[in-house]
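The values are calculated or read from the model by the stated rules, or taken from the named source; none is laboratory data. Quick caveat: nothing in here was measured; it's all calculated off a predicted structure. Don't worry about glycine lacking a Cβ; one is built from the backbone with ideal geometry, like all the others, and counts go over all protein chains shown.
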Amino acid sequence: MTALLLLVSARAASAQIPPNVEFRVPKPPTVAVSDSGAFLSYELHVTNLTATPLTLKRVEVFDAAKGGRVIWNLSAADSSLQRALARPAPAIPAAERTQIGGGLRAYMYLWIPVDRNNPPAALRHRLTFQRDTSVVVLEGTVVPVERNAVVITPPIRGEWAAFNGPSNASGHRRLVLALDGQVAIGQRFAIDYLQVDSTGSSHHGDPSRNENYYAYGHELLAVADGIVVATKDSIPQNVPGANSRAVAITMETVGGNHVALDIGGGHYALYAHVQPGSLRVHVGDRVKRGQVLALLGNSGNSTEPHVHFQIADGPTFLSSEGVPYGFDHFDVIGNCGIVGNPTPGIKCSRHAPVGVERGIPLMNELVRFPK
Ligand SMILES: [Zn+2]
């Protein structure tokens with residue numbers, strides 16, 4: 001009897017009831033490929049459902065197979081954890097982001113390099129918290145990794161700058177919205193394509209005329225065979241400028257005139273800010289890869305002519321989950337950034353072309369698609 005009692009109390013000591021902390025991955029990752037290799041880009045939502053604050057100290061991500069080895073590590077000690085964390089209240093300074101008060105949530109943005117030919121089949125997560133003077137280690141949240149991103153052809157021809165493209169800090173990716181009662185990041189892999197000249201300028205002449213922007217009027221192409229599932233074509237264009245919108249920005253107008261294409265396999269291609277009157281397709285039309293859908297413009301929540309392009313798992317810009325895709329082929333030919341003070345401008349540098357197969361441009365890369 002004594003031995004049995006000892007066994008029971010030892011078990012009780014090692015299996016204490018863990019604190020109520022939910023950590024979940026709303027959208028399991030798909031392997032994406034860039035000119036610098038393959039990666040997984042996804043988020044972990046950490047919600048402290050207890051009444052007392054918990055301070056996150058470390059996050060480890062494991063390959064759930066292959067002996068469960070650690071493939072990624074974020075730590076408060078080297079600030080990598082603070083950089084990856086965002087809080088719904090933006091005023092929280094970086095240094096305090098790791099402290100998650102009772103009832104509060106943190107979003108963790110992960111970007112994990114993986115072997116393109118042998119990525120993990122599933123991931124598992126371990127979180128280490130400080131609670132008062134004790135350390136709490138929680139383990140769980142096994143998510144599958146989708147290996148094959150959908151392969152498409154480019155939505156535009158020629159050379160483009162991939163502004164606000166995939167990165168761990170892109171404004172597109174950091175916009176978490178709960179529109180249908182659950183959070184989603186529709187723009188997780190969205191890119192705003194602009195054209196720039198050798199000086200980095202996206203226009204010539206009078207900057208208040210849409211026609212003077214190099215991107216303006218380019219043909220937007222179907223990236224795959226598909227069916228048109230949504231269009232909008234009634235929103236007037238903006239005068240280019242940070243604060244000049246032709247219409248009030250609402251859920252109805254935010255994407256401007258647009259086309260949504262069902263390309264099969266649960267994937268939808270979305271083209272936003274299109275020129276009014278330029279749509280060449282209607283809802284229900286079947287289109288072929290490469291077919292012209294509309295012309296690039298400056299409608300909706302847009303500061304200058306560009307096309308916002310994304311692939312998502314549903315036909316809406318903001319309430320579907322954005323997923324990566326691979327262009328069958330493109331070249332990375334340089335990088336762009338916003339530089340200069342007090343009048344910031346775009347500056348791009350070029351390098352020898354780097355060919356990418358079945359990959360996606362990264363934030364601010366200068367890329368070349370077939371003519
Ligand atoms: Zn955009």
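Brief remarks follow.
- Residue ID - nearest to the ligand (Cβ to nearest atom), chosen from residues in the range 180-195 that are of a type outside the set (A, V, I, L, M, F, W, C) and assigned to a loop (DSSP other than H, G, I, E, B): 187
- Complete set of residues in the range 145-163 that are surrounded by 16 or more Cβ atoms within 10 Å (Cβ to Cβ) and touching a Lys or Arg at 6+ places or on another chain (Cβ under 9 Å): 149, 152, 153, 159, 160
Residue-by-condition table, conditions (1) farther than 16 Å from residue 193 by Cβ; (2) within 16 Å of the ligand (Cβ to nearest atom); (3) touching a residue at least 60 places away in the same chain (Cβ under 8 Å):
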site	(1), (2), (3)
290	yes, no, yes
330	no, no, yes
340	yes, no, no
346	no, yes, yes
349	yes, no, no
371	no, no, yes
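- Tally, over the range 95-115, of residues that are surrounded by fewer than 16 Cβ atoms within 10 Å (Cβ to Cβ) and closer than 22 Å to residue 145 by Cα: 2
- In the range 344-360, the residues that are buried (at least 17 other Cβ atoms within 10 Å of the Cβ) and not in a strand (DSSP E or B): 360
- From the list 97, 105, the one residue that fits, being closer than 30 Å to residue 54 by Cβ and without any contact (Cβ under 8 Å) to a residue 40 or more places away in the chain, is 97.
- Considering residues of the range 300-318 that are touching a Gly at 6+ places or on another chain (Cβ under 6 Å) and in a strand (DSSP E or B) only, the residue nearest to the ligand (Cβ to nearest atom): 310
- In the range 250-277, the residue that is surrounded by the fewest Cβ atoms within 10 Å (Cβ to Cβ) out of those that are assigned to a strand (DSSP E or B) and over 20 Å from the mean Cα position of the chain (by Cα) is 264.
- Unique residue being closer than 22 Å to residue 244 by Cα and away from the ligand (no atom under 16 Å from the Cβ) when the list is 158, 217, 140: 217
- Checking 186, 217, 171, 241 one by one, the residue that is small (Gly, Ala, Ser), surrounded by 19 or more Cβ atoms within 10 Å (Cβ to Cβ) and not assigned by TED's automatic domain parsing to the domain that holds residue 32 is 186 and no other.
- One residue stands out in the range 319-343 among those that are at pLDDT below 95, in a loop (DSSP other than H, G, I, E, B) and of a type outside the set (S, T, N, Q): the one that is surrounded by the fewest Cβ atoms within 10 Å (Cβ to Cβ), namely 342.
- Selection status of residue 208, more than 27 Å from residue 222 (Cα to Cα), away from the ligand (no atom under 12 Å from the Cβ) and either outside the structural domain of residue 246 (by TED's automatic domain parsing) or surrounded by 14 or more Cβ atoms within 10 Å (Cβ to Cβ) (or both): no
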